[in-house]
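The values are calculated or read from the model by the stated rules, or taken from the named source; none is laboratory data. None of these values were measured; they are calculated from a predicted model. Virtual Cβ from ideal backbone geometry, glycine too; neighbours counted across all protein chains shown. Side chains are part of the model used for accessible areas, which takes the heavy atoms of the whole protein and leaves out ligands, DNA and RNA. Shrake-Rupley method; radii C 1.70, N 1.55, O 1.52, S 1.80 Å.
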Amino acid sequence: MPDSLGHRLKYAVIAPSTNTSVQPEYDDMRPRGVTNHFQRIAIPDTKVTDDESFMVMLQNIRDATMDSVDVAMTMDPACVVMGMSAETFWDGADGAERLTQRMLERTNGVPVVMGSTAVDAALKAYGGIKKIGVITPYMPVGDNQVRKFFEDLGYEVTQVKGLKSPSPMLIAHETPQTLKRAAEEVSEGADAVVQCGTNLAFAKVAAMAEFWLEKPVVAINTATYWHALRSMGITDKIDGFGSLLLEH
């Protein structure tokens, strides 16, 4: 017999303990019969003021990620979703592939979905997107890695707007108005807007921004959950989160 609540699919979601946006956004996008089971990467809410302190925060995540994966696997998920962002862009396209392979080794072959490659899949689903403007909550060292990832895949990154959020927990405190202004800023000259950083609550802002910008606006949480659904054969159309989940 299948799981009584997750009779279609059970996802294990790996996210930092400081992240308060990815869980409610994923749950809002969850189709009937699909369940999301969060395992937290235990990290302190370190103050982030520059590239050096950003790297301290990132290393805290790296040190604890695989232990969290091991715990999550005990619920026998059909797929593991990385509800974290920066590490999935690190060292460009090659780094993303290496991380995917390390994760697959840890999950014993259970499929793994990551934000970086999910955004690429989303952009390809739209078709014809060559130039992108990017929003992140990162310091410049993180912005540079995001730029490298997309340029490795052949996109022209017209602009990166890093919000320099002062701690991993405080990323979630960036207001919808701040995100709106950032989307407007990076949209100029771009075929699409991309947002990275899973603790930015951007999913519903992105849906609204598509209306006034008249171009795709891809929120990383939406793209990741969309890719997790579609790659596992779930084709439900979900309203309220923009064109990606509704039309692709």
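Applying the set (1) outside the structural domain of LEU170 (by the TED database); (2) closer than 29 Å to LEU246 by Cα; (3) in a helix (DSSP H, G or I) to VAL110 leaves exactly one unmet item: (3).
Conditions tested, residue by residue: (1) in contact with a Leu (Cβ under 9 Å, 6 or more places away or on another chain); (2) aliphatic (A, V, I, L, M).
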residue: MET66; (1), (2): no, yes
residue: THR74; (1), (2): no, no
residue: ALA78; (1), (2): yes, yes
residue: GLY95; (1), (2): no, no
residue: MET103; (1), (2): no, yes
residue: SER116; (1), (2): yes, no
residue: ALA121; (1), (2): no, yes
residue: LYS124; (1), (2): no, no
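Of all residues in segment 107-130, those being free of Cβ contacts under 8 Å to residues at least 40 places away in the same chain and over 22 Å from ARG40 (Cβ atoms) number 4. Scanning segment 9-24 for residues that are under 12 Å from the mean Cα position of the chain (by Cα) and open to solvent by 20 Å² or more (accessible area, probe 1.4 Å) yields one hit, GLN23.
Yes/no per residue for (1) under 15 Å from ILE220 (Cα atoms); (2) open to solvent by less than 10 Å² (accessible area, probe 1.4 Å); (3) in contact (Cβ under 8 Å) with a residue 40 or more places away in the chain:
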| residue | (1), (2), (3) |
| --- | --- |
| ASP152 | no, no, yes |
| GLU156 | no, no, no |
| LEU163 | no, no, no |
| MET169 | no, no, yes |
| ALA172 | yes, no, yes |
| ALA183 | yes, yes, yes |
| ALA203 | yes, yes, yes |
| ALA207 | yes, no, no |
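Scanning segment 98-149 for residues that are open to solvent by 10 Å² or more (accessible area, probe 1.4 Å) and either small (Gly, Ala, Ser) or on the phi > 0 side of the Ramachandran plot (or both) yields ASN108, GLY109, ALA121, ALA125, GLY127, GLY128. When each of ASP70, ASP76, ASP143, ASP152 is tested for being over 30 Å from LEU9 (Cβ atoms), over 17 Å from the mean Cα position of the chain (by Cα) and either in the same structural domain as PHE202 (by the TED database) or modelled with pLDDT of 95 or more (or both), the lone residue that passes is ASP152. Candidates in segment 39-54 are the residues that are under 19 Å from the mean Cα position of the chain (by Cα) and open to solvent by less than 30 Å² (accessible area, probe 1.4 Å); of these, the one that is nearest to ALA118 (Cα to Cα) is ILE41.
Is it the case that segment 87-106 has a residue that's polar (S, T, N, Q) and in contact (Cβ under 8 Å) with a residue 40 or more places away in the chain? No: segment 87-106 contains no residue that is polar (S, T, N, Q) and in contact (Cβ under 8 Å) with a residue 40 or more places away in the chain.
Here are some residues: MET1, MET57, MET29. Which one is open to solvent by 40 Å² or more (accessible area, probe 1.4 Å) and over 16 Å from THR74 (Cα atoms)?
Numbers: MET57 fails: open to solvent by 40 Å² or more (accessible area, probe 1.4 Å); MET29 fails: open to solvent by 40 Å² or more (accessible area, probe 1.4 Å).
Answer to the selection: MET1.
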